[in-house]
Amino acid sequence: AQSVTQLGSHVSVSEGALVLLRCNYSSSVPPYLFWYVQYPNQGLQLLLKYTSAATLVKGINGFEAEFKKSETSFHLTKPSAHMSDAAEYFCAVNGRENRDDKIIFGKGTRLHILP
Amino acid sequence: DTEVTQTPKHLVMGMTNKKSLKCEQHMGHRAMYWYKQKAKKPPELMFVYSYEKLSINESVPSRFSPECPNSSLLNLHLHALQPEDSALYLCASSQDTAADPYNEQFFGPGTRLTVL
């Protein structure tokens with residue numbers, strides 16, 4: 001069954017430092033992968049998505065992610081953290097294995113930005 | 001218009017009340033979703049409507065009753081809820097997987113529900 005695993009429920013980085021949020025996936029079919037961000041008391045906003053067109057995907061707010069099939073990973077990075085990046089981040093995979101409309105979410109990583 | 005709107009933003013209800021949550025999108029999407037999200041957890045899928053027909057019910061208790069009156073509108077009727085049903089209820093929409101195999105879902109801001 002398809003799944004995603006996010007390593008680290010909490011990550012803290014200093015303002016201006018590199019942000020790295022880890023996501024590993026499991027899928028028997030080529031996956032479609034997403035990163036969503038959720039700010040406090042808000043809905044989810046799509047940061048970026050992997051659709052097999054390119055392994056390095058650029059998203060909004062300066063984030064990018066690289067798909068590595070050999071490592072079954074889709075880690076999210078940003079070169080320089082801003083205070084406004086503090087939020088919950090969810091990695092997700094499209095439920096293509098079951099040919100349904102589901103998206104399977106990871107457990108989330110809370111990103112804390114230290115001044 | 002690339003928005004999914006949800007009303008109300010906040011709802012407090014007693015266990016004997018009947019209330020409804022509303023979700024609307026005008027992106028021409030043909031799939032709509034209800035999710036429940038507890039604090040510090042990912043969203044949990046409750047229902048999926050595809051072309052206005054219920055296609056997935058994730059074994060949700062009958063005190064939650066979804067309705068899709070038309071392709072733009074999705075309701076969630078609530079009756080005899082329990083305090084443990086307090087959560088953020090998120091609506092989402094997407095083009096159906098036939099039109100968009102990636103199934104990118106667009107989320108609304110949610111309704112914060114408190115059951116007393």
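The values are calculated or read from the model by the stated rules, or taken from the named source; none is laboratory data. Everything numeric here is computed off the predicted structure, so don't read it as measured data. Neighbour counts run over all protein chains shown; Cβ positions are idealised from the backbone, glycine included.
Here are some conditions: (1) at pLDDT 95 or above; (2) within 10 Å of the chain's Cα centre (by Cα); (3) not small (Gly, Ala, Ser). B:Glu84 meets all but one. Which one does it not meet?
Condition not satisfied by B:Glu84: (2).
Residues that are modelled with pLDDT under 95, on the phi > 0 side of the Ramachandran plot and either in contact with a Pro (Cβ under 9 Å, 6 or more places away or on another chain) or surrounded by 14 or more Cβ atoms within 10 Å (Cβ to Cβ) (or both): does region A:37-46 have at least one?
yes
What residue, of B:Leu78, B:Leu54, is within 12 Å of another protein chain (Cβ to nearest Cβ), farther than 23 Å from A:Tyr39 by Cβ and aliphatic (A, V, I, L, M)? Even if it seems obvious, please write down each step before you answer.
On the way: B:Leu78 fails: within 12 Å of another protein chain (Cβ to nearest Cβ).
After applying the criteria, what remains is B:Leu54.
Hey, can you tell me all the residues within region B:104-116 that are surrounded by 19 or more Cβ atoms within 10 Å (Cβ to Cβ) and part of a strand (DSSP E or B)?
B:Phe106, B:Phe107, B:Thr111, B:Leu113, B:Val115
Test of understanding: among A:Thr5, A:Thr55, A:Thr51, which residue is β-branched (Val, Ile, Thr), modelled with pLDDT under 95 and surrounded by 14 or more Cβ atoms within 10 Å (Cβ to Cβ)? Spell out the reasoning first.
Values: A:Thr5 fails: modelled with pLDDT under 95; A:Thr55 fails: surrounded by 14 or more Cβ atoms within 10 Å (Cβ to Cβ).
Result of the check over A:Thr5, A:Thr55, A:Thr51: A:Thr51.
Looking only at region B:22-31, count every residue that is buried (at least 22 other Cβ atoms within 10 Å of the Cβ) and at pLDDT 95 or above and tell me the total.
First, pick out the residues of region B:22-31 that are buried (at least 22 other Cβ atoms within 10 Å of the Cβ): B:23, B:25, B:31.
Narrowing the set further to residues that are at pLDDT 95 or above leaves B:23, B:25.
Total satisfying the criteria: 2.
Residue under question is B:Met13, and the condition is that it be modelled with pLDDT under 95, in contact with a strand residue (DSSP E or B) (Cβ under 8 Å, 6 or more places away or on another chain) and surrounded by 17 or more Cβ atoms within 10 Å (Cβ to Cβ); does it hold?
Against the criterion (modelled with pLDDT under 95, in contact with a strand residue (DSSP E or B) (Cβ under 8 Å, 6 or more places away or on another chain) and surrounded by 17 or more Cβ atoms within 10 Å (Cβ to Cβ)), B:Met13 qualifies.
Under 8 Å between Cβ atoms, which residue pairs at least 6 apart in sequence (or on different chains) link something in region A:90-115 that is touching a residue at least 40 places away in the same chain (Cβ under 8 Å) with a partner that is assigned to a helix (DSSP H, G or I) and not small (Gly, Ala, Ser)?
From region A:90-115, the pairs are A:Leu111/A:Asp85; A:Ile113/A:Met83; A:Ile113/A:Asp85; A:Pro115/A:Met83.
Could you tell me which of the residues B:Ser93, B:Ser50 is touching a His at 6+ places or on another chain (Cβ under 6 Å) and under 26 Å from A:Thr51 (Cα atoms)?
Working: B:Ser50 fails: touching a His at 6+ places or on another chain (Cβ under 6 Å).
None of the others qualify; the one that does is B:Ser93.
In a strand (DSSP E or B), aromatic (Phe, Trp, Tyr) and either more than 12 Å from chain A (Cβ to nearest Cβ) or without any contact (Cβ under 8 Å) to a residue 60 or more places away in the chain (or both) - does that describe any residue in region B:21-33? I'd like the intermediate steps shown before the answer.
At the first step, the residues of region B:21-33 found to be in a strand (DSSP E or B) are B:21-25, B:31-33.
Add one more test, that the residue is aromatic (Phe, Trp, Tyr), and what stays is B:33.
From the residues that got through so far, the ones that are either more than 12 Å from chain A (Cβ to nearest Cβ) or without any contact (Cβ under 8 Å) to a residue 60 or more places away in the chain (or both) too are none.
Within region B:21-33, not a single residue is in a strand (DSSP E or B), aromatic (Phe, Trp, Tyr) and either more than 12 Å from chain A (Cβ to nearest Cβ) or without any contact (Cβ under 8 Å) to a residue 60 or more places away in the chain (or both).
Collect the residues in region A:82-115 that are part of a loop (DSSP other than H, G, I, E, B) and more than 13 Å from chain B (Cβ to nearest Cβ), keeping them in residue-number order. Don't jump to the end; show me each part of the working.
Here is the first cut: in region A:82-115, the residues part of a loop (DSSP other than H, G, I, E, B) are A:82, A:86, A:95, A:99-102, A:106-108, A:115.
Within region A:82-115, A:His82, A:Ala86, A:Pro115 meet the criteria.
Give me the residue from region B:73-103 that is polar (S, T, N, Q) and not in a strand (DSSP E or B) and, out of that set, surrounded by the most Cβ atoms within 10 Å (Cβ to Cβ).
Taking region B:73-103 first, the residues polar (S, T, N, Q) are B:75, B:82, B:86, B:93-95, B:97, B:103.
This time we only want the ones that are not in a strand (DSSP E or B), so: B:82, B:86, B:95, B:97, B:103.
Working: B:Gln82: 10, B:Ser86: 18, B:Gln95: 18, B:Thr97: 19, B:Asn103: 21.
Selected residue: B:Asn103.
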